[in-house]
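Colleague: Before we start, here is the structure in question, set down as structure tokens.
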Amino acid sequence: RVPVSPLSAGKDLSEVQRVERQVKSILNKLTWEKFDKLYAELLDHCKVENQETRNEIIEVIARDVFKKATLQHNFIELYADVCAKLEADLKQNGIEVNFRRALLEQCQESFTVHLEPPQIDTCLDYEEQYEMLVKYKTKMLGNVKLIAHLLRLRMLAAKIIFHCIEELISIGSSEALETLCAFLETLGATFDKPQWSGYVRLQEVFKQVQLFAEDSRQSPRIKCLLKDLLDKRKNGWVAQELPQPPQMVDKEKSEKRAVVAEKNDKKLDWMEARFAVAKSPTASVVRS
């Protein structure tokens, strides 16, 4: 692939580069209020006749969605909704793309990258070191929240849930446990149900969470987060009622699609998930 230079003149761009630039511009402007109009433009770009160009565009969308979600937490559900709607609409139009494969590969790559703790220069002053740590945690949390929302929408194979959980528990750092809390809280209402095939295994995960919450070696903040997670589960994952901002009216569309995806859930190709897990360099390092 020829890299796109931000300084390249429009006339010097190839067709693929030009479409990629337009797609990135759409994603940059995407909000709940502008969703319908910008989504229609995005869908049109994905309908190009050339198969190679179409695959490139799908990869750009998957890559940019993960990149944006790590920093823009308020739009995570929006980005997940875009992925689910694109996949459904392209399939309905008979357009051949492997969007799930692109998301799976990006999920594996992004999760592995953001597990790596930052290399903080100890020569920096406290404020600069703290800023680097905050950026690391922000990216880590945003990444797993997007993965969780894609799982809720059945855009990723459900076995990825336990791959992510095992990696985070194996690391066991404060940042990893905080990320685990965010991951389980996002998934809880959808997967913590007796009818789900992975329910029994998930119960074992919450037993481990309980042990972490009772571990005196954990910081007060992390123990508080873990106990809060367990309380939310005890209350049936019912969120506290808060005043809804205007965009929540549109945001409810995303929630409805998650419910529809759950009801119409079909058997997915678990081999993709196994393939991704097998490739994970982090898994081999952590367990060695």
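Colleague: Which residue pairs have Cβ atoms closer than 6 Å, lie 6 or more positions apart in sequence or on different chains, and pair a first residue in segment 150-179 that is of a type outside the set (Ser, Thr, Tyr) with a second residue that is assigned to a loop (DSSP other than H, G, I, E, B) and open to solvent by 30 Å² or more (accessible area, probe 1.4 Å)?
Modeller: Within 6 Å, the pairs are Arg154/Asp265; Ala157/Leu268.
Colleague: Further question on the same structure: Residues to consider are Gly188, Gly198; find the one that is in contact with a Lys or Arg (Cβ under 7 Å, 6 or more places away or on another chain) and either open to solvent by less than 30 Å² (accessible area, probe 1.4 Å) or at positive phi (or both).
Modeller: Matching residue, one of Gly188, Gly198: Gly188.
Colleague: Please verify whether segment 29-44 includes one or more residues that are among the hydroxyl-bearing types (Ser, Thr, Tyr) and not in a helix (DSSP H, G or I).
Modeller: So far as segment 29-44 goes, yes, one or more of its residues are among the hydroxyl-bearing types (Ser, Thr, Tyr) and not in a helix (DSSP H, G or I).
Colleague: Starting from residues that are free of Cβ contacts under 8 Å to residues at least 24 places away in the same chain and over 15 Å from the mean Cα position of the chain (by Cα), keep the ones in segment 53-95 and report whichever is most open to solvent (accessible area, probe 1.4 Å).
Modeller: Gln92
Colleague: In this structure, does Ser219 turn out to be hydroxyl-bearing (Ser, Thr, Tyr), surrounded by fewer than 17 Cβ atoms within 10 Å (Cβ to Cβ), at pLDDT below 95 and under 23 Å from Leu104 (Cα atoms)?
Modeller: Here the answer is no, as Ser219 does not meet what is asked.
Colleague: Looking at segment 96-105, which of the residues that are open to solvent by 30 Å² or more (accessible area, probe 1.4 Å) and modelled with pLDDT of 85 or more is nearest to Thr31 (Cα to Cα)?
Modeller: Only one residue tops the list, namely Arg100.
Colleague: Turning to a different aspect of this structure: Which of the numbered conditions does Leu133 fail, given that it passes all the others? Conditions: (1) open to solvent by less than 60 Å² (accessible area, probe 1.4 Å); (2) in contact with a helix residue (DSSP H, G or I) (Cβ under 7 Å, 6 or more places away or on another chain).
Modeller: (2)
Colleague: Open to solvent by 30 Å² or more (accessible area, probe 1.4 Å) and either out of contact with any Lys or Arg (no Cβ under 9 Å at 6 or more places or on another chain) or outside any helix (DSSP H, G or I) (or both), is that true of Ile169?
Modeller: Numbers: open to solvent by 30 Å² or more (accessible area, probe 1.4 Å): yes; either out of contact with any Lys or Arg (no Cβ under 9 Å at 6 or more places or on another chain) or outside any helix (DSSP H, G or I) (or both): yes.
Judged against the criteria, Ile169 is a match.
The values are calculated or read from the model by the stated rules, or taken from the named source; none is laboratory data. Quantities reported herein were computed from a predicted structural model and do not represent experimental measurements. Positions of Cβ are generated from backbone atoms using ideal geometry, with glycine treated the same way; all protein chains shown enter the neighbour counts. Side chains included, ligands, DNA and RNA excluded: accessible areas come from the protein's heavy atoms. Shrake-Rupley method; radii C 1.70, N 1.55, O 1.52, S 1.80 Å.
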